[in-house]
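Novice: What follows is a single structure, and I will ask about it in a moment.
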Amino acid sequence: MVQIPIGASSFRKCGRSTKLRPRKVIMLGRAHIVGLAFAGLALALFPAAAVPASAQVEKVEMHTVGISCGACAAISEVYLRRLDGIAKLSISKSGEKVVVFYKPEARFRPDELQEALGKTGVKVTQFRISARGQILEEGGNKVFLAGNDKFTLSRSPHMPPVGPASLEATVDVKAHPMQLDVISSTQPAS
């Protein structure tokens, strides 16, 4: 039997000091560890099985400023993992980039992402999403519905037609509803 405390750490780097209390302790036996290792291997070998079939924002790439050391990255990761709907994430110190993958039916909440990263002094400079959903006409404008998330589409040379679509886009999170500048789009084969 192995005890693994989750979220128990203390870092002192970059003039910041953060103490994290354990949120919970997981008790794992050998069978659990083998099962978790097998599940991780299956996801690594068959990533398509982890991609939800329903419409939603699936991936968010955040360009950031302020991830300057391993401690900052580790603490940021702890705060991000506490958010609902996060399936997987990676942080690049050298690229100052954070990539988040969502669980099925999770919502894209940029304010929560910014708040979690802000706790360690990290600022988000740009959001870029990968999403599947439906493009509709509303009042002469195109909107993109991705599960429970609604975006307006800015006019661009990559403007997709009305119908189901997968998009790569940058997001203006200050606009209401949020506005997408489409980088690329694909329509499912009929």
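The values are calculated or read from the model by the stated rules, or taken from the named source; none is laboratory data. This is a predicted model, so every value here is computed, not measured. Neighbour counts run over all protein chains shown; Cβ positions are idealised from the backbone, glycine included.
Novice: Go through segment 134-164 and give me each residue that's under 15 Å from Met178 (Cα atoms), of a type outside the set (D, E, K, R) and touching a Ser or Thr at 6+ places or on another chain (Cβ under 9 Å).
Specialist: Within segment 134-164, Ile135, Asn141, Val143, Phe144, Gly147 qualify.
Novice: Filtering segment 162-190 down to residues that are among the aliphatic types (A, V, I, L, M) and over 21 Å from the mean Cα position of the chain (by Cα), which residue is modelled with the highest pLDDT?
Specialist: Initial filter on segment 162-190 (among the aliphatic types (A, V, I, L, M)): 162, 165, 167, 169, 171, 173, 175, 178, 180, 182-183, 189.
Now drop any that are not over 21 Å from the mean Cα position of the chain (by Cα), which leaves 162, 189.
Details: Val162: 92, Ala189: 74.
The residue in question is Val162.
Novice: Among Glu115, Glu96, which is the only one that is acidic (Asp, Glu), at pLDDT below 95 and more than 10 Å from the chain's Cα centre (by Cα)?
Specialist: Working: Glu115 fails: at pLDDT below 95.
Just a single option satisfies the conditions, and that option is Glu96.
Novice: Right, Gly147: modelled with pLDDT under 95, crowded, with 19+ Cβ neighbours inside 10 Å and of a type in the set (Gly, Ala, Ser) or not?
Specialist: Numbers: modelled with pLDDT under 95: yes; crowded, with 19+ Cβ neighbours inside 10 Å: yes; of a type in the set (Gly, Ala, Ser): yes.
It is true that Gly147 is modelled with pLDDT under 95, crowded, with 19+ Cβ neighbours inside 10 Å and of a type in the set (Gly, Ala, Ser).
Novice: While we're on this one: So which strands (runs of 3 or more DSSP E) stay within segment 108-190 end to end and still have 3 or more residues that are among the charged types (D, E, K, R) and over 20 Å from Lys88 (Cβ atoms)?
Specialist: Numbers: elements: 123-138, 141-146, 149-153, 163-172, 178-186.
It comes to 123-138.
Novice: Now for a different question. Listed residues Val182, Val124, Val171, Val99; which is in contact with a His (Cβ under 8 Å, 6 or more places away or on another chain) and under 15 Å from Met62 (Cβ atoms)?
Specialist: Numbers: Val182 fails: under 15 Å from Met62 (Cβ atoms); Val171 fails: in contact with a His (Cβ under 8 Å, 6 or more places away or on another chain); Val99 fails: in contact with a His (Cβ under 8 Å, 6 or more places away or on another chain).
The unique qualifying residue is Val124.
Novice: Scan segment 149-161 for residues that are touching a residue at least 12 places away in the same chain (Cβ under 8 Å) and more than 15 Å from the chain's Cα centre (by Cα) and jot them down.
Specialist: Step one: of segment 149-161, the residues touching a residue at least 12 places away in the same chain (Cβ under 8 Å) are 149-154, 156, 158-161.
Hits for segment 149-161 are Lys150, Phe151, Thr152, Leu153, Ser154, Ser156, His158, Met159, Pro160, Pro161.
Novice: Limited to segment 108-120, what total is found for residues that are of a type in the set (Lys, Arg) and within 17 Å of Gln179 (Cβ to Cβ)? Working first, answer last.
Specialist: Kept after step one, since they are of a type in the set (Lys, Arg), are these residues of segment 108-120: 109, 119.
If we keep only those that are within 17 Å of Gln179 (Cβ to Cβ) as well, we get 109.
Residues in segment 108-120 being of a type in the set (Lys, Arg) and within 17 Å of Gln179 (Cβ to Cβ): 1 in total.
Novice: Taking Lys142, is it among the charged types (D, E, K, R) and either within 19 Å of the chain's Cα centre (by Cα) or at pLDDT 95 or above (or both)?
Specialist: no
Novice: Filter segment 47-67 down to the residues that are surrounded by 15 or more Cβ atoms within 10 Å (Cβ to Cβ) and either touching a helix residue (DSSP H, G or I) at 6+ places or on another chain (Cβ under 8 Å) or farther than 29 Å from Val143 by Cβ (or both), then identify the one that is modelled with the lowest pLDDT.
Specialist: Ala50
Novice: Right, here's the next one. Tell me, please, whether a residue that is surrounded by 14 or more Cβ atoms within 10 Å (Cβ to Cβ), in contact with a Gly (Cβ under 8 Å, 6 or more places away or on another chain) and in the same structural domain as Gly70 (by TED's automatic domain parsing) can be found in segment 167-181.
Specialist: Narrowing segment 167-181 to residues surrounded by 14 or more Cβ atoms within 10 Å (Cβ to Cβ): 167-173, 178-181.
Next, from what is left, pick out any that are in contact with a Gly (Cβ under 8 Å, 6 or more places away or on another chain): 167.
Subset that is in the same structural domain as Gly70 (by TED's automatic domain parsing): 167.
Taking every residue of segment 167-181 in turn, at least one turns out to be surrounded by 14 or more Cβ atoms within 10 Å (Cβ to Cβ), in contact with a Gly (Cβ under 8 Å, 6 or more places away or on another chain) and in the same structural domain as Gly70 (by TED's automatic domain parsing).
Novice: On to the next question. Looking at segment 73-111, which of its residues are more than 21 Å from Arg132 (Cβ to Cβ) and among the charged types (D, E, K, R)?
Specialist: Glu77, Arg81, Arg82, Lys93, Glu96, Lys97, Asp111
Novice: Could you run through segment 80-101 and say how many residues are more than 15 Å from Gln114 (Cα to Cα), charged (D, E, K, R) and in a strand (DSSP E or B)?
Specialist: 1
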